[in-house]
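Notes follow once the structure below has been shown.
The values are calculated or read from the model by the stated rules, or taken from the named source; none is laboratory data. Nothing here was measured: the structure is a model prediction, and the numbers come from that model. Positions of Cβ are generated from backbone atoms using ideal geometry, with glycine treated the same way; all protein chains shown enter the neighbour counts. Note: accessible area is taken over every heavy atom of the protein model, side chains too, but ligands, DNA and RNA are not part of it. Shrake-Rupley method; radii C 1.70, N 1.55, O 1.52, S 1.80 Å.
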Amino acid sequence: MSLPTPPAYGSSTLSDVLPSIAAVLGLPGRDNVLGLPASERFVVLLVDGLGRDLLQGREQLAPFLTGLLDNAASSTITSGAPSTTVTSITSLGTGLTPGQHGLAGYTFRLGGRLLNALLWEPGLDGLDVQPQLTVFERLAKAGVRATTVTPSRFRGSGLTTCALRGADFLGYDEGSGIDRRVELTVQAALSGPRSVVYLYDRDLDHAGHKQGTRSDAWAAELVRVDALASALRAALPDDVRLLITGDHGMVDIATDRRLTIEDHPELVAGVRMIGGEGRFRQLYVAGKAEPVARRWADLLGPDAWVLTRDEAIDAGWFGPLPPRLADRFGDVLVAMATDRALMTLGQPNEFGLVGMHGSLTPAELTVPLLIG
């Protein structure tokens, strides 16, 4: 089975968005590889779970967003691998590939234990996990007003520190409506002659996880996201460029297409820890990786791409991966190629999910970059 097309780091991924904006704003050492239009002020709206494929055929639900698909300035980009929120937001905020920033996924090995990078853990500082400068820090040092507009409870969180530090923080109540998010974003965009604002919206992803992308709940959230984007464009001055993207796509996984790893002794053998998520498992093994990879590949067949870490690096999945960060990524990587998922009793919360993501299929990896 042929390997998936890896992310085109350096030319068309989430990690290229803010560096391209920085180049437009005149920061040295940055290239506008995405060909963004000229402006002194940018707003980046990231909609969690907004995959490119999920917009296709949704004209009635999202007329504003689908209309931007035909904008000559808009394009299609990808997340990095794995295609998951932790990795994607850190790539966006730092301008680094997953291998360079080391936020290896939803759960990954850190110092001999599994870190849940969304829930984090007490006493662990984000700077201990990701100390490299973010693009927001670089923008602020260059005199550009940088702001993040996200749920208030994310202030000072581990992921916020890793990915978004250096920007002024404006928090909103998650129960607030569109108007409040638009108000804060416009306020931030107008706060300086040169500005970059990051607005995060998460409810589409939650609806997809809980009820699937074909559900009425997901459709209702897409309608709301479209209204948010449209209202934001209407409220912003014409000279402010609005960029709309997502951190990953999503696929719905039927219950009979799920395999529980612990039900198969040949899969558990030699595996010390199981990280990642249902569509992209990271296996941390005792001993050599190759025998474990062969067993998994033999059992899963064409349903999965099973690579050792060295093979995944050579295939370009993570971009450059320095030795000091290598052990965060699985000794064996299992990326699902079909509509199946690998469940583990170690993460019981995942059994209630309908929509999933993380792998390198186009439905999960590809996201829009809409210019409004």
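Miscellaneous remarks
- Residue within the stretch 63-84 that is in a loop (DSSP other than H, G, I, E, B) and free of Cβ contacts under 8 Å to residues at least 24 places away in the same chain present: yes
- Residue satisfying all of: in the stretch 5-47; in contact (Cβ under 8 Å) with a residue 40 or more places away in the chain and of a type in the set (Asp, Glu); least open to solvent (accessible area, probe 1.4 Å) among these: 16
- Of all residues in the stretch 172-220, those satisfying the criterion of being more than 28 Å from residue 350 (Cα to Cα) and under 22 Å from the mean Cα position of the chain (by Cα) are 181, 185, 196, 197, 198.
- Residue selected from the stretch 117-134 under the condition in contact with a strand residue (DSSP E or B) (Cβ under 8 Å, 6 or more places away or on another chain) and surrounded by 17 or more Cβ atoms within 10 Å (Cβ to Cβ), by the criterion farthest from residue 184 (Cα to Cα): 129
- The number of residues in the stretch 141-160 being open to solvent by less than 30 Å² (accessible area, probe 1.4 Å) and not hydrophobic (A, V, I, L, M, F, W, C) comes to 6.
Condition check ((1) of a type in the set (Ser, Thr, Tyr); (2) modelled with pLDDT of 95 or more; (3) open to solvent by 30 Å² or more (accessible area, probe 1.4 Å); (4) under 17 Å from residue 9 (Cβ atoms)) across all residues:
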{"residue": "334", "(1), (2), (3), (4)": "no, yes, no, no"}
{"residue": "341", "(1), (2), (3), (4)": "no, yes, no, no"}
{"residue": "346", "(1), (2), (3), (4)": "no, yes, yes, no"}
{"residue": "351", "(1), (2), (3), (4)": "no, yes, yes, no"}
{"residue": "355", "(1), (2), (3), (4)": "no, yes, no, no"}
{"residue": "361", "(1), (2), (3), (4)": "yes, yes, no, no"}
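- Residue ID - modelled with the highest pLDDT, chosen from residues in the stretch 177-216 that are open to solvent by 30 Å² or more (accessible area, probe 1.4 Å) and among the small types (Gly, Ala, Ser): 191
- Top-ranked residue of the stretch 217-234 - restricted to ones that are open to solvent by 50 Å² or more (accessible area, probe 1.4 Å) and of a type in the set (A, V, I, L, M, F, W, C), ranked as nearest to residue 43 (Cα to Cα): 234
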